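S.K.: Below are the structure tokens for one structure; questions will follow.
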Amino acid sequence: SFIGEESVAAGDGSILTDNPTWIIDPIDGTTNFVHRFPFVAVSVGFVVNKKIEFGIVYSCIEDKMYTARKGKGAFCNGQKLQVSGQEDITKSLLVTELGSNRDPEAIKIILSNMERLLSIPIHG
């Protein structure tokens, strides 16, 4: 099976089944692309039995290839990645995405989540 982000965003339905399925977003960061903000990628995932097996993200402008495989770790241009050892959120950098959904109910949820995050004394 095949699921394309652009067709789903355009309103086409999509049902994830147990069948092996490719999930592809050819312009991940469409809003960035439209505004010529240089953070755009091609994202590909492969799912079997509704569980992700591997994913690939190619950051075109940066020429960085991110890969991850279930149980095998994540890599950038072949170099192993790991999460920070930082356990204190007040010493962490927090990054968030507001999304593009402007439905009033979605906005309420987004703002509520942002309010909770902003109440934590984080770096950014």
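The values are calculated or read from the model by the stated rules, or taken from the named source; none is laboratory data. Just so it is clear, the model here is predicted, and its values are computed rather than measured. In this analysis, Cβ positions are derived from the backbone assuming ideal geometry, glycine residues included, and neighbour counts consider all displayed protein chains. Ligands, DNA and RNA are excluded from the accessible area calculation, which covers all protein heavy atoms including side chains. Shrake-Rupley method; radii C 1.70, N 1.55, O 1.52, S 1.80 Å.
S.K.: Touching a helix residue (DSSP H, G or I) at 6+ places or on another chain (Cβ under 9 Å), surrounded by 11 or more Cβ atoms within 10 Å (Cβ to Cβ) and touching a residue at least 12 places away in the same chain (Cβ under 8 Å): which single residue out of Ile110, Ile89, Ile122 fits that description?
M.R.: Exactly one of Ile110, Ile89, Ile122 is touching a helix residue (DSSP H, G or I) at 6+ places or on another chain (Cβ under 9 Å), surrounded by 11 or more Cβ atoms within 10 Å (Cβ to Cβ) and touching a residue at least 12 places away in the same chain (Cβ under 8 Å), namely Ile122.
S.K.: OK, next. Among the residues of region 64-73, are any farther than 30 Å from Ser1 by Cα, open to solvent by less than 90 Å² (accessible area, probe 1.4 Å) and either in contact with a strand residue (DSSP E or B) (Cβ under 8 Å, 6 or more places away or on another chain) or of a type in the set (S, T, N, Q) (or both)?
M.R.: no
S.K.: A further question on this structure: On the given criteria, is Ile3 surrounded by 13 or more Cβ atoms within 10 Å (Cβ to Cβ), at pLDDT below 95 and under 18 Å from Ser100 (Cα atoms)?
M.R.: no
S.K.: Exactly one condition in (1) charged (D, E, K, R); (2) at pLDDT 90 or above; (3) assigned to a loop (DSSP other than H, G, I, E, B) is false for Glu97; which is it?
M.R.: Single failed check for Glu97: (2).
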